[in-house]
Amino acid sequence: MTAGRNADAAGFEDFARASQRRLYRTAYLLCGDADAARDLTQTTLAKLFQHWGRASAADHPDAYARTVLTRTYIAERRRRLRDFRAHTPIAAHTPAVGPELTVTLLAALAELPARARAMVVLRYWEDLSVETVAELLRCSPSTVKSQCSRSLATLRTRLGDAHLYTTRS
């Protein structure tokens, strides 16, 4: 029994080393913050370790890991949003961003709801098919298409004619 556990632990360690950078990159795009991305990656790897028997038996452990990462991100965002709403006065007003501020892609992505942001990142950054994203997020392909379309329209509106690689002086 102990030899099997050691083999499982070694298999997990090999997988974690091989996929950690890829998971971190996706986590960074979802979170927009290096520290939060590291935390999300570590949480994902901890969850994978707990269920490594099931994850290692999957046809594509990388896809399994990406699913865990995405669902963990969405769950944490929902939890934070619920806590934020519970502690924010109803009359609170957030100031509008003036046209003099330069908006970057990550800042614009951060303004999207967690699920919409996950769809955009998975669909266009990770280059996953509509069907794969729908399966990962447990929704229909038409939901992915419509949410991505709305999210891209929102990003275009927020970014306007700003160039992503230049700043105003």
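Does the range 103-126 contain at least one residue that is outside any helix (DSSP H, G or I), modelled with pLDDT of 85 or more and open to solvent by 100 Å² or more (accessible area, probe 1.4 Å)?
no
Before we move on, is Arg82 more than 30 Å from Phe12 (Cα to Cα), open to solvent by 100 Å² or more (accessible area, probe 1.4 Å) and at pLDDT below 90?
Yes: the conditions hold for Arg82.
In the set Ala46, Ala37, which member is of a type outside the set (Asp, Glu), part of a helix (DSSP H, G or I) and open to solvent by less than 40 Å² (accessible area, probe 1.4 Å)?
Going through Ala46, Ala37 in turn, the sole match is Ala37.
Restricted to the range 52-63, and to residues that are of a type outside the set (Asp, Glu) and over 17 Å from Gln42 (Cβ atoms), which residue is surrounded by the most Cβ atoms within 10 Å (Cβ to Cβ)? Explain how you work it out, then say what you get.
Of the range 52-63, the ones of a type outside the set (Asp, Glu) are 52-58, 60-61, 63.
Filter once more, so that each one left must be over 17 Å from Gln42 (Cβ atoms): 53-54, 56-58, 60-61, 63.
Values: Gly53: 11, Arg54: 10, Ser56: 14, Ala57: 9, Ala58: 12, His60: 9, Pro61: 18, Ala63: 14.
Among those residues, the one meeting the criterion is Pro61.
Anything in the range 10-36 that is hydroxyl-bearing (Ser, Thr, Tyr) and free of Cβ contacts under 8 Å to residues at least 60 places away in the same chain? List them, or say none.
Across the range 10-36, the qualifying residues are Ser19, Tyr24, Tyr28.
Please specify each residue of the range 127-146 satisfying the condition of being surrounded by 14 or more Cβ atoms within 10 Å (Cβ to Cβ) and closer than 21 Å to Tyr24 by Cβ.
If we filter the range 127-146 for residues that are surrounded by 14 or more Cβ atoms within 10 Å (Cβ to Cβ), which is where we start, we get 128, 130, 132-137, 139, 141, 143-145.
Result: Leu128, Thr132, Val133, Leu136, Leu137.
Considering only residues that are among the basic types (Lys, Arg) and over 17 Å from Tyr28 (Cα atoms), which ones fall in the range 49-70?
Residues of the range 49-70 that are among the basic types (Lys, Arg), as a first pass: 54, 66.
Passing the criteria: only Arg54.
The values are calculated or read from the model by the stated rules, or taken from the named source; none is laboratory data. Remember, predicted model here, so these are calculated numbers, not experimental data. Glycine also receives a Cβ, built like all others from the backbone with ideal geometry; neighbour counts cover every protein chain displayed. Keep in mind that these areas ignore ligands, DNA and RNA; they rest on the heavy atoms of the full protein, side chains included. Shrake-Rupley method; radii C 1.70, N 1.55, O 1.52, S 1.80 Å.
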